[in-house]
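The values are calculated or read from the model by the stated rules, or taken from the named source; none is laboratory data. Being a predicted model, the structure only gives us computed values, none of them experimental. Cβ atoms come from the backbone with ideal geometry, glycine included; neighbour counts cover every protein chain shown.
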Amino acid sequence: MKNKEVKNWNFLLLFVLLIAILLPLCSAGVGISWNKESSLVPENTKTCLTYKVYNPWPDDSYAQVKLSEELMQIISYQESETEFIPHDTSSANAIPVEFCFKTPKIYKENCWLFNELVCKKECKEEMKIYEGEVEIIEADAPEVVEGSGGSATKMSVSAPLRVKVQCVPHARDYSVIYIAVILIAGILLTINLIRRKNKKK
Amino acid sequence: MSKKRINWFAIILILIIIAALILLFFQNVNAITGHATSQSTVSNVTIQYYLSISLCSNLSSGIWFGDVSSLPATDLNGSHNYDNTYPTLNGSTYCVNISTDGNSAVDVCIKADDHLRSPANDVIGLNNETYSNFTWTTNMTHPLLGSQSAITTSYAKSSVNVGVGNWSYYRFWLDIPVAQPSGTYNNTVSFKGVTTSSACGS
């Protein structure tokens, strides 16, 4: 009976020791969840994408959301740069982070007037792709100085993202010419009617 | 009784305005031509990835090489290179943990922001700061000193295809040249987790 008790205590001690050894191995962490790695967006259009951040680790963490330089060229809105992620936030309960991009006007148009008016677009150029990554960086990395020199550490996770800018071809747009014709004809018509009215008097 | 003259000029102008308005309308409205009957059904699939990493507490506290009193120093050990007691004695406690709450194996990328620099701007070149890594377990031998690579300022893959729930263990070493001025030298080393076979990025 006493032997059994001692065995149980030994087992418990071993278990506690194992936990004590393993626990210091864990710290706060960061996670990213995504379901879209590329997006096809017409030029000069705003589009939004949502990524999710999570933290399945035992400590709370702050995460900084960073877009790579290539994507920063076209970003128009970022919901938040730093997110608080409570501990034990699983991927199922991940916190959404939204970004919006405004794709630039990049494809050449063939215009008759002032490089702006009476234009057509043939889309013969190669598709422009902004290729980068969405990176979630742990923002509250502890600054513990143990020795006199060495390296502080940071961690992050990232997901790839390609924003493909779609060229939308269109035939020559004569709207400006039609409007000009309507205006000129309207003015001439008004003058003509006024003159006839005056003549009658 | 006076005969009323028809204003042909005005009529032509009105016709021109009407024609221009019609053309303007069709220029800006997508005309629907013809009828078609069809039925369609949507086919849809969403592929989702999620991954999370954590640095072991001794790694998140930094990689420190302690005080050095005689130069040159070669393969100076990081303070936690050999202080693990589990799974075996003298393993490393520098590790990156891949969460079980993930659905993709992870590649761990590593880089430093700069050379090790002192406040006086003296420099220990980054090629003197080296690492080696080993996945899943650690002991006296692994990560192996003989497999050391220099840390660079661009991300490089260190551990590849680390499965969910696994650890990747690291050891760090520093060489200090003989004529190195005294001082405290620091930089920042970053670890990034990406899905296996994805590029590390910038």
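Some points to look at:
- Pick from the range A:30-49, criterion out of contact with any helix residue (DSSP H, G or I) (no Cβ under 7 Å at 6 or more places or on another chain), assigned to a strand (DSSP E or B) and hydroxyl-bearing (Ser, Thr, Tyr), ranking: farthest from the other protein chains (Cβ to nearest Cβ): A:47
- Residue ID - farthest from residue B:52 (Cα to Cα), chosen from residues in the range B:143-202 that are loosely packed, with under 14 Cβ neighbours inside 10 Å and β-branched (Val, Ile, Thr): B:178
- Listed by first and then second residue, the pairs with beta-carbon distance under 6 Å, at least 6 apart or on different chains, first residue in the range A:97-123 and assigned by TED's automatic domain parsing to the domain that holds residue A:71 and farther than 27 Å from residue A:75 by Cα, second aliphatic (A, V, I, L, M) and in a loop (DSSP other than H, G, I, E, B), are A:120/A:171.
- If only residues of the range A:154-174 that are over 18 Å from residue B:201 (Cα atoms) and within 7 Å of chain B (Cβ to nearest Cβ) are counted, the one that is farthest from the chain's Cα centre (by Cα) is A:174.
- From the list A:186, A:132, the lone residue that is touching a residue at least 24 places away in the same chain (Cβ under 8 Å), surrounded by 14 or more Cβ atoms within 10 Å (Cβ to Cβ) and either at positive phi or out of contact with any His (no Cβ under 6 Å at 6 or more places or on another chain) (or both) is A:132.
- The condition of being surrounded by 13 or more Cβ atoms within 10 Å (Cβ to Cβ), within 9 Å of chain B (Cβ to nearest Cβ) and either modelled with pLDDT under 85 or out of contact with any strand residue (DSSP E or B) (no Cβ under 7 Å at 6 or more places or on another chain) (or both) holds for residue A:147.
- Residue B:124 satisfies every condition listed in (1) under 28 Å from residue A:159 (Cα atoms); (2) crowded, with 21+ Cβ neighbours inside 10 Å; (3) β-branched (Val, Ile, Thr) except (1).
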